[in-house]
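Worksheet for the structure shown next.
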Amino acid sequence: MTDLCFMPLPSDAVRALRAGGPDAHGQPAERTRATGAGNPCRHCLDFIPEGQEMLILAWRPFPAAQPYAETGPIFLCAQDCAAWDGPGVPPILRSSPDYLLKGYGADWRICYGTGRVVPQAELVAYARALLARPEIAFVDVRSARNNCFQTRILRASARLPE
């Protein structure tokens, strides 16, 4: 699957958060231990092993506050982890029965009518269909249950809008 790129959180932002830097609400991340199998790290895009220290913080995956810049809780490995750079669909997008996908334009605004809860097996196909539309610059994937940001999908050859 070389036509899609699943984006981890930027490593420089993750380093700052791990060092006590402020989250989207201006607070340091909370430190706790992972329990169960439902703690997805948004940097390595894998699950934080049970018992391992993790961070919980508010994340806004947009460069500035605006009406469509959703903010919500996410998890990160508290210790260093490698940013996702793998082929295929990352582990955090293979565990739920479905996900919420939304397409956004280069102006960082949602493209109305693109938000849809899709079965996990259709995630890649729907992301491809959205990214085939020229007005869509990227697709955000969120939890269909809790609306938490999971990752951003780009065309493999694309960059985020400035």
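Every read-out reported here was derived from the displayed coordinates using simple, explicitly stated rules and does not represent laboratory data. Please read all numbers here as calculations on a predicted model, not as lab measurements. Cβ placement follows ideal geometry from the backbone for every residue including glycine, while neighbour counts extend to all protein chains displayed.
Given DSSP loops and a limit of at most 15 other Cβ atoms within 10 Å, what is the longest stretch of the chain that contains no such chymotrypsin sites (Phe, Trp or Tyr not before Pro)? Each step should come with its number before you reach the end.
On the way: sites that count: Tyr68, Tyr112.
It works out to 1-67.
For the stretch 87-155, state what percent of all Cα-Cα pairs lands in each successive 5 Å bin, counting from 0 Å until the bin that includes the largest distance.
All Cα pairs considered, the percentages come to 4, 18, 33, 26, 14, 5, 0.
Going by amide H atoms built from the backbone, whose H comes under 5 Å of the H on His43, apart from near neighbours?
Correct list: Leu9, Cys77.
Could you grab the relative contact order for the stretch 87-155? Cα pairs under 8 Å, six or more apart, rounded to a whole percent.
Values: 116 pairs, mean separation 22.8, N = 69.
Reported as a whole number, the value is 33 percent.
Between Ala132 and Arg60, what length comes free when the chain is fully extended (0.36 nm per residue of separation minus the Cα-Cα distance, one decimal in nm)?
23.4 nm
For the chain, compute the orientation-averaged projected area of the C-alpha convex hull (one quarter of its surface), in nm².
Working: hull surface 35.6 nm².
For the chain, averaging the hull's shadow over all directions gives 8.9 nm².
May I ask for the longest run of the chain untouched by trypsin sites (Lys or Arg not before Pro) that are loop-located per DSSP and have at most 15 neighbouring C-beta atoms (other than their own) within 10 Å?
1-93
Read phi for every residue in the stretch 80-87 and hand back ³J(HN,Hα) as whole Hz from Karplus 6.51 cos²θ - 1.76 cosθ + 1.60, θ = phi - 60°, with x for Gly and Pro.
3, 9, 6, 4, 4, 8, x, x
Decide, for the stretch 1-81, between rounded, prolate and oblate: order the square roots of the alpha carbon gyration tensor eigenvalues as a ≥ b ≥ c, take rounded if a/c falls under 1.5, and otherwise choose prolate if a/b is larger than b/c, else oblate.
Judged from the Cα gyration tensor, the stretch 1-81 comes out oblate (a/c at least 1.5, b/c at or above a/b).
At 222 nm, what value in deg cm²/dmol follows for the chain if DSSP H runs of at least 4 each add -39500 (n - 2.57) and the sum is divided by all its residues, to the nearest 500?
-3000 deg cm²/dmol
Report the relative contact order of the chain, percent, no decimals, based on alpha-carbon pairs under 8 angstrom and at least 6 residues apart.
Details: 334 pairs, mean separation 38.0, N = 162.
Once divided by the residue count of the chain, the mean separation gives 23 percent.
Pop the C-beta distance of Thr71 and Ser157 into the FRET formula with R0 = 41 Å and round what comes out to the nearest 0.05. Each step should come with its number before you reach the end.
Details: r = 29 Å, r/R0 = 0.71.
According to the calculation, E is roughly 0.90.
Going by amide H atoms built from the backbone, whose H comes under 5 Å of the H on Trp59, apart from near neighbours?
The list, which skips near neighbours in sequence, is Ala24, Gly72, Ile74.
With a sphere of radius 15 Å drawn around the Cβ of Tyr126, what net charge do the other residues whose Cβ falls strictly inside it have (Lys, Arg +1; Asp, Glu -1)?
+3
How much net charge surrounds Arg60 when only other residues with a Cβ under 11 Å from its Cβ are counted (Lys, Arg +1; Asp, Glu -1)?
Once all neighbours under 11 Å are counted, the net charge is -2.
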